[in-house]
């Protein structure tokens, strides 16, 4: 098994839960602008599956998930992902699972089964 960190970057999150990209690498801290936090999904390659742990954010325009570029840089494609494990249903964990323009959306990982806790759906 191999675990690959997909460094999404460091973001500043304000009190309205808006994410603003700060840099690719920085220490998470609290600033005057809000909470600084690292977004880092993981790929887990096993003998049978390529598993994505969390989907990261969509880009700031909301129409193309950065996760696709990160997975490509790791040597894989979205079609290789067979399972997705979601921790919480927060936008920094699920934003990259779909993309689109206006009212039309596409699934980023068409071959993947998505797993999440039932209690997350209770609060969705």
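Structure values in brief
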item	result
The range 74-98: number of residues that are in contact with a helix residue (DSSP H, G or I) (Cβ under 9 Å, 6 or more places away or on another chain) and without any contact (Cβ under 8 Å) to a residue 40 or more places away in the chain	9
Some residue of the range 93-102 being assigned to a loop (DSSP other than H, G, I, E, B) and modelled with pLDDT under 90	yes
Contacts under 8 angstrom Cβ, first residue in the range 107-124 being in contact (Cβ under 8 Å) with a residue 40 or more places away in the chain, partner assigned to a strand (DSSP E or B) and surrounded by 14 or more Cβ atoms within 10 Å (Cβ to Cβ), 6 or more apart	108/65; 108/98; 108/99; 109/52; 109/84; 112/52; 112/83; 112/84
Meets criteria (closer than 22 Å to residue 83 by Cα, exposed (fewer than 13 other Cβ atoms within 10 Å of the Cβ) and either modelled with pLDDT under 85 or touching a strand residue (DSSP E or B) at 6+ places or on another chain (Cβ under 6 Å) (or both)) for residue 24	no
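This table checks each residue for (1) surrounded by 15 or more Cβ atoms within 10 Å (Cβ to Cβ); (2) more than 11 Å from the chain's Cα centre (by Cα); (3) assigned to a helix (DSSP H, G or I).
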| residue | (1), (2), (3) |
| --- | --- |
| 51 | yes, yes, no |
| 55 | yes, no, no |
| 72 | no, yes, yes |
| 111 | no, yes, no |
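The values are calculated or read from the model by the stated rules, or taken from the named source; none is laboratory data. Quantities reported herein were computed from a predicted structural model and do not represent experimental measurements. Cβ sites come from the backbone with ideal geometry, for glycine too, and all protein chains shown count toward neighbours.
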